[in-house]
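Contents: one structure, followed by commentary.
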Amino acid sequence: MSSQVRLRFAPSPTGPLHMGGVRTALYNYLFAKKHGGKFILRIEDTDQNRFVPGAEEYIKESLAWCGIEFDEGVDGKGEYGPYRQSERKALYSEYAQQLIKSGWAYYAFDTAEELNILRENAEKMGEVFTYNSQSRANLNNGLNLSKEEVDAKLAAGEAFVVRFKMPENELVAFTDLIRGEVRVKTEMLDDKVLFKSDGMPTYHLANIVDDHLMEISHVIRGEEWLPSAPLHVLLYKAFEWQAPAFAHLPIILKPIGKGKLSKRDGDKMGFPVFPIQWNDPNSEEVFAGYREDGYFPEAFINLLALLGWNPGTEQEIFSMEELIHAFSLERVGKAGAKFDPEKAKWFNQHYLRTKSNQELAKLFQAELKEKHIAIESEKLEDLVDLIKERAVFVSDFWDQSYFFFQAPVEFNTKVAKKRWKENTPQIISDLMQHFSNAETWEEHYLHDIAAQYIEKNELGFGAVMNALRLAIVGDGIGPDLFKIIEFIGKEDALKRLNFALKVL
Ligand code: GLU
């Protein structure tokens, strides 16, 4: 192993990347950057049966959206390539051979049918069949056949697999940087398949060979890979290679705090589980993504960072730079991390407020364009400034501001009942009169006109304003009323008041 810090994210392109997968990528990235190391994207596509078209592109697009850039990987950067395992196919066989030679692996010729029968028979007796140090003595493999028999089978082109020969009665121990000392007895482990006669390695062999050849120093991955770690530690021993350091991340739990957050939970519970939208090419189902649901990548990254890691302080808002600085594996917990969709929104609201009016107006402009509403950028920036405090997403802007663009066609009856009194029509038509004489159409000036009228007639300011708002907006909502009146302009304002007098 080189002394350099080199981490990899090694997804299999078997579907969309779950947010837990993005968190794994993020922690690898943060650790690598913190230690001045390299972050590598390797695609583990040895299982051709589970290959899903578009999944690799999806993974790359997701990472790019999140701002998790790789230094080496499938896009041609780096000197340890190729970084797609299917393109490395030719090199694994030699390593499988090496293990057979040194007695750490053996050929097995048991057919799928034969193994199925063994499985079914075991099941009938309430047991589970495993290919392990007990059962292998009675099975169709190189441990029980002579060298000539094995060679003959291979020469005849019989299908085979290469299995790892799990040592008997040993204790495998290693230190996990999050979990501490992990000890497993080899009796608990089976003889995993490492290589198949179609020339493809399985995950276990390819993963170890590549981590070694790519000089990976730290393996940070999900808890679901912890059961594979003892085998991996033994594979390093078998090859006489130094193993990388391991760290297995806690699972992400459903909002109720129980059970793993699964791919289906999002649509069931109304929040995304995927970074970007996924259109399943097989089922044609569409799975929601954070990006399309209006989350900012900064918010997504921030919330992911805190799902399993804590800074040890009260700080909750972290930029990527701050995360790189603050991150450490010592502060990653062992226990599952509960996902809180409300907190996710809270993060987005925070980042929305930190955006400039200019940036937000641009985003809103796109939505308005779809509604065929044209408005100058500067004017829209002023508007965005008025409403952004009330929004979690840019998509909330419309609900907070539609009345700037559209005159009411009806009035909220509940509000009308409360705010529209017997003397209201008189007040509104008086105000209309004053407004139509206004010399300039400017909020403070209009405010003063109304205030003077109210004072002169000894009316309640609040009551008049509520009625005026109802007439202008159609409801009891919205930001500063005179800002709205200025924004919509004299002609529209007077028209709205007129309409309210007719209808209410
Ligand atoms: N290809 C594995 C996955 O899909 C990689 C696991 C590992 O990091 O070792 O997650």
Exercise for the section: For segment 80-153, report the accessible area per residue in Å² (1.4 Å probe, heavy atoms, rounded to an integer). Expected result: 59 Å²
Exercise for the section: Any chance you could run the full-extension gain for Glu292 through Ala112? It's 0.36 nm times the residue separation minus the Cα-Cα distance, nm to one decimal. Expected result: 60.4 nm
Problem - segment 303-372: proportion of alpha-carbon pairs further apart than 16 angstrom, % - result: 61 percent
Practice task
Rounding to the nearest 20 debye, state how big the charge dipole of segment 294-355 is about its Cα centre with +1 on each Lys and Arg Cβ and -1 on each Asp and Glu Cβ.
Solution key: 200 debye
Handout entry: Kirkwood Rh and Cα Rg combined as Rg/Rh, the chain
Key = 1.18
Completion exercise
Any trypsin sites (Lys or Arg not before Pro) in segment 245-301 that lie in a DSSP loop and have at most 11 other Cβ atoms within 10 Å would be Lys258, Arg264
Practice task
Report, to the nearest whole %, how much of the accessible area of the chain belongs to carbon and sulfur atoms, 1.4 Å probe, protein only.
Solution key: 49 percent
Handout entry: Sites Ser436 and Lys414, calculated FRET efficiency, Cβ-Cβ separation with R0 30 Å, nearest 0.05
Key = 0.50
Practice task
For segment 56-73, just list the computed ³J(HN,Hα) in residue order, Karplus coefficients 6.51, -1.76 and 1.60, θ = phi - 60°, integers in Hz, with x standing in for Gly and Pro.
Solution key: 5, 4, 4, 4, 5, 5, 5, 5, 5, 4, 6, x, 9, 8, 9, 7, 9, x
Exercise for the section: Compute the relative contact order of segment 423-495 as a whole-number percentage, counting only Cα pairs closer than 8 Å that sit 6 or more residues apart in sequence. Expected result: 39 percent
Handout entry: Among beta bridges that DSSP assigns inside segment 1-87, antiparallel share in %, nearest 5
Key = 10 percent
Fill in the blank from the handout: Computed, not fitted: 222 nm per-residue ellipticity of the chain from DSSP H runs ≥ 4 (each -39500 (n - 2.57)), nearest 500, equal to -13500 deg cm²/dmol
Completion exercise
Among chymotrypsin sites (Phe, Trp or Tyr not before Pro) in segment 189-284, those in a DSSP loop whose Cβ has at most 15 other Cβ atoms within 10 Å are Trp241
Fill in the blank from the handout: By the Cα gyration tensor axes a ≥ b ≥ c (a/c under 1.5 gives rounded; else a/b larger than b/c gives prolate, otherwise oblate), the shape of segment 434-504 is rounded
Problem - Backbone HN-Hα couplings from phi across segment 375-384 [Karplus 6.51/-1.76/1.60, Hz, Gly and Pro as x] - result: 8, 5, 4, 5, 5, 5, 4, 4, 5, 4
Practice task
Determine the distance separating the Cα centre of segment 80-133 from the Cα centre of segment 1-58; give it in Å without decimals.
Solution key: 25 Å
Practice task
Find the accessible area per residue for segment 171-244; the probe is 1.4 Å, ligands and nucleic acids are left out, and the unit is Å².
Solution key: 39 Å²
Completion exercise
Rounded to the nearest 10 Å², the accessible area of Lys192 using a 1.4 Å probe with every protein chain kept is 70 Å²
Fill in the blank from the handout: Once Lys and Arg are counted +1 and Asp and Glu -1 for all other residues with Cβ under 13 Å from that of Ile276, the total becomes -2
Exercise for the section: Count charges around Asn466 for me, please; just the other residues with Cβ under 9 Å from its Cβ, Lys/Arg as +1, Asp/Glu as -1. Expected result: +3
Fill in the blank from the handout: With every protein chain kept in place and a 1.4 Å probe, the residues Met125, Met320, Met200 fall, from largest accessible area down, as Met125, Met320, Met200
Exercise for the section: At 0.36 nm per residue, minus the direct Cα-Cα distance, what do Leu213 and Ser429 gain on full extension? Give it in nm, one decimal, please. Expected result: 69.5 nm
Completion exercise
Heavy-atom accessible area of Val503, protein chains in place, probe 1.4 angstrom, given in Å² to nearest 10, is 80 Å²
Exercise for the section: Leaving ligands, DNA and RNA out of it, rank His325, His372, His204 by accessible area with a 1.4 Å probe, largest first. Expected result: His372, His325, His204
Practice task
Using DSSP, restrict attention to beta bridges with both residues in the chain and report what percent are antiparallel, rounded to the nearest 5.
Solution key: 55 percent
Completion exercise
To the nearest 0.05, the calculated FRET efficiency linking Trp241 and Met269 through their beta-carbon distance, R0 being 35 Å, is 0.20
Fill in the blank from the handout: Heads up, segment 245-379 by the C-alpha gyration tensor (a ≥ b ≥ c square roots of eigenvalues; a/c under 1.5 rounded, else a/b over b/c prolate, else oblate) looks oblate
Problem - Solvent-accessible surface ranking, highest first, for Arg136, Arg469, Arg353 at 1.4 angstrom - result: Arg353, Arg469, Arg136
Fill in the blank from the handout: Which residues qualify? For Lys338, with a placed amide H closer than 5 Å and at least 5 residues away or on another chain, they are Leu253
Fill in the blank from the handout: Placing each pseudo-label 7 Å from Cα in the direction of the beta carbon, Lys254 and Glu158 end up separated by a distance in nanometres of 4.8 nm
Practice task
Could you state the accessible area per residue of segment 292-441 in Å², with a 1.4 Å probe and every protein chain left in place?
Solution key: 56 Å²
Fill in the blank from the handout: Cross-link reach from Lys414 to lysines, straight Cα distance under 22 Å and at least 8 residues apart if same chain, gives Lys502
Exercise for the section: Under 18 Å Cα to Cα from Lys355, which lysines show up? Leave out anything in the same chain fewer than 8 places away. Expected result: Lys345, Lys379, Lys388
Practice task
Quick one: of Lys268/Lys338; Lys33/Lys258; Lys260/Lys334; Lys34/Lys338; Lys60/Lys254; Lys165/Lys196, which pairs are farther than 22 Å apart, Cα to Cα?
Solution key: Lys33/Lys258; Lys34/Lys338; Lys60/Lys254
Completion exercise
The simple spin-label model distance between Ser356 and Asp448, using points 7 Å out along Cα→Cβ, in nm, is 3.4 nm
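The values are calculated or read from the model by the stated rules, or taken from the named source; none is laboratory data. Quick caveat: nothing in here was measured; it's all calculated off a predicted structure. Counting neighbours? That spans all protein chains shown, and the Cβs are built from the backbone with ideal geometry, glycine included. For accessibility, only protein heavy atoms count, side chains too; no ligands or nucleic acids. Shrake-Rupley method; radii C 1.70, N 1.55, O 1.52, S 1.80 Å.
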